[in-house]
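These notes are about the structure you will find just below.
The values are calculated or read from the model by the stated rules, or taken from the named source; none is laboratory data. Predicted model only: the values in this text are computed from it and were never measured. Because the Cβ atoms are built from the backbone with ideal geometry, glycine has one as well, and the counts that use them run over all protein chains shown.
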Amino acid sequence: MNSGTLTLLDQKNDVCIETGARLNLKFEGSDREMGCIFVGGRTGRYIVLTCPPELDSGGNMPVKGSRVVARFFREGRALEFQARFVTFASDPVRLILLEYPDSVRECDLRAQKRITCFISATIEVETEDHAGVVTGVIQNISKNGCRFLIRTSQNKVFRNDEEVTLRCRFPGIVGEQEALGRVQDIQKEDDEISVGIAFSDLLWWVPPYA
């Protein structure tokens, strides 16, 4: 969603969030992050988000006043704020209200540890003049990015800053997982192409989970 509507989250540091932006929430007492969408809010009073599916199904229900940590990306920066849960709203759709945050801080993505692995995966590219699906392996991964290897025999040409969709089955997580991202760098080594990808959001399904 690209409505262009902005809500000021941190007046001191002039940090805004766009309606339709995706966030990852972590509720007090929970060991996992949950995805949601920013709907709007009233500056200085509250913010409104879509209800994560995990909460909508009745699990891990937060109590009023419990702490919530929210993370999102804006203009290439990973940002984080803390707020208090206020209530649910259910008309016309299921929403959650959080207290307006005191401040927003920038996350240090370099602190996200890379996990060495060998996981089969696909990358889908879909632009007006460039489309296709490529099969390869994830060589390493963190919550904010990964290194993807393919054979040069697939004759696939990647482009820097190209939008891609990564799909894989991650060990210990049920079902196929998906991550949107952009190509950051491309390295050719003998019969392999190594592609660095930066994810659009921090991935809840990649450790650490605490």
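Among residues of the range 156-179 that are basic (K, R), those with a Cβ under 8 angstrom from a residue that is in a loop (DSSP other than H, G, I, E, B), sequence gap 6+ or separate chain, pair up as R159/H130; R167/E176; R169/G175; R169/E176. Of the listed requirements (1) under 13 Å from L203 (Cβ atoms); (2) surrounded by fewer than 17 Cβ atoms within 10 Å (Cβ to Cβ), K143 misses just one: (2). Restricting the range 86-120 to residues that are closer than 28 Å to G145 by Cβ and among the hydroxyl-bearing types (S, T, Y) leaves a set whose member that is modelled with the lowest pLDDT is S103. Tallying residues that are among the small types (G, A, S), surrounded by fewer than 16 Cβ atoms within 10 Å (Cβ to Cβ) and under 14 Å from C16 (Cα atoms) within the range 38-57 yields 2.
Of the residues screened, G35 is one that is at pLDDT below 85, surrounded by 11 or more Cβ atoms within 10 Å (Cβ to Cβ) and not polar (S, T, N, Q). Check the range 176-186 and report whether any residue there is over 20 Å from the mean Cα position of the chain (by Cα) and not small (G, A, S). Yes, the range 176-186 contains a residue that is over 20 Å from the mean Cα position of the chain (by Cα) and not small (G, A, S).
Scanning the range 1-51 for residues that are of a type in the set (V, I, T) and free of Cβ contacts under 8 Å to residues at least 40 places away in the same chain yields T5, T19, I37.
Looking across the range 170-192, the residues that are assigned to a strand (DSSP E or B), hydrophobic (A, V, I, L, M, F, W, C) and modelled with pLDDT of 90 or more come down to A179, L180.
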